Amino acid sequence: MKNIVIFGAPGSGKGTYSAKMVERYGLGHISTGDVLRGEIKNETELGKIAKSYIDKGQLIPDSLIIDIMAAKLDSLQGQKGVIYDGFPRTIAQADAFKAMLAERGMKIDAMIELVVGEDVLMERLLRRAQIEGRADDNEDTIKARFAVYHNETEPLSKWFEAEGVRQQFVWPGDIDQMLAGIYEAMDKLFA
Ligand code: AMP
């Protein structure tokens, strides 16, 4: 099973490109953001804790996220590949993820980084706010999420580079061109 991390700032298109890759290559997909929003919707204990962080644009504590992922990982086994969307987001999460995979005889096979300028990101997120009505897509929370991304998540890019799995894709201003680059990398991975 190939383990593929999709990585990028809020609004970089992780969900959109994941969906395309799932369809084209027949992969499993897990988005920690979607898992947490599901918990909030179902009003679980975890959902209550998650909401207090998400509404402020902050990250859920590492230990909580790591426990959630450890529980999910076994349910994802048996697929040709899985895309991890929104996880890992900190170095601690990445170290724990690497160990979790190693325990199961696996590794991170690829990291796809979506590189998009902040002006484009802000515009997209504000548009998404109007369409999807996500509670954390308002200007103040978006700014907080960008700050968290720069401080806590972006340094991880180098971690993946050191692991030898990072592939960066710079937004060319056109979704089809962006997809073509990603598909080329994925075709090689599954060749
Ligand atoms: P996303 O849908 O990936 O943008 O995630 C929405 C929010 O969920 C984030 O702003 C965080 O508050 C929380 N979240 C999602 N994934 C993680 C993670 N791996 N670690 C900590 N918090 C997370």
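The values are calculated or read from the model by the stated rules, or taken from the named source; none is laboratory data. Owing to the predicted nature of the structure, the values given are computational and were not obtained by experimental measurement. Cβ sites come from the backbone with ideal geometry, for glycine too, and all protein chains shown count toward neighbours. Keep in mind that these areas ignore ligands, DNA and RNA; they rest on the heavy atoms of the full protein, side chains included. Shrake-Rupley method; radii C 1.70, N 1.55, O 1.52, S 1.80 Å.
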* Asked: Looking at this structure, is residue 118 modelled with pLDDT of 95 or more and within 24 Å of residue 180 (Cα to Cα)?
  -> no
* With respect to the numbered conditions (1) more than 9 Å from the ligand (Cβ to nearest atom); (2) surrounded by 14 or more Cβ atoms within 10 Å (Cβ to Cβ); (3) modelled with pLDDT of 95 or more; (4) within 19 Å of residue 39 (Cα to Cα), which one is the sole condition not fulfilled by residue 52? -> (2)
* **Qualifying positions in the stretch 57-89 - within 19 Å of residue 154 (Cα to Cα) and among the charged types (D, E, K, R)** => 62, 85, 89
* **Residue list for the stretch 77-115, restricted to those being more than 14 Å from the ligand (Cβ to nearest atom), touching a residue at least 60 places away in the same chain (Cβ under 8 Å), open to solvent by 10 Å² or more (accessible area, probe 1.4 Å) and not charged (D, E, K, R)** => 77, 78, 79, 106, 108, 115
* To do: Being open to solvent by 50 Å² or more (accessible area, probe 1.4 Å), more than 10 Å from the ligand (Cβ to nearest atom) and farther than 18 Å from residue 79 by Cβ is the filter here, so list the residues in the stretch 3-38 that pass it.
  => 16
* Under the condition of being within 11 Å of the ligand (Cβ to nearest atom) and among the hydrophobic types (A, V, I, L, M, F, W, C), which residue from the stretch 55-74 is farthest from the chain's Cα centre (by Cα)? -> 64
* Structure fact -> Of the residues in the stretch 116-132, those that are touching a residue at least 12 places away in the same chain (Cβ under 8 Å) and either open to solvent by 50 Å² or more (accessible area, probe 1.4 Å) or closer than 14 Å to residue 153 by Cα (or both) number 4
* Extreme residue, farthest from the chain's Cα centre (by Cα), among residues of the stretch 128-166 that are of a type in the set (S, T, N, Q) and under 17 Å from residue 91 (Cα atoms) -> 151
* Structure fact -> Here the residues within the stretch 136-172 that are within 29 Å of residue 185 (Cβ to Cβ) and among the basic types (Lys, Arg) are 145, 158, 166
* Residue ID - surrounded by the most Cβ atoms within 10 Å (Cβ to Cβ), chosen from residues in the stretch 134-146 that are away from the ligand (no atom under 11 Å from the Cβ) and of a type outside the set (Asp, Glu) -> 138
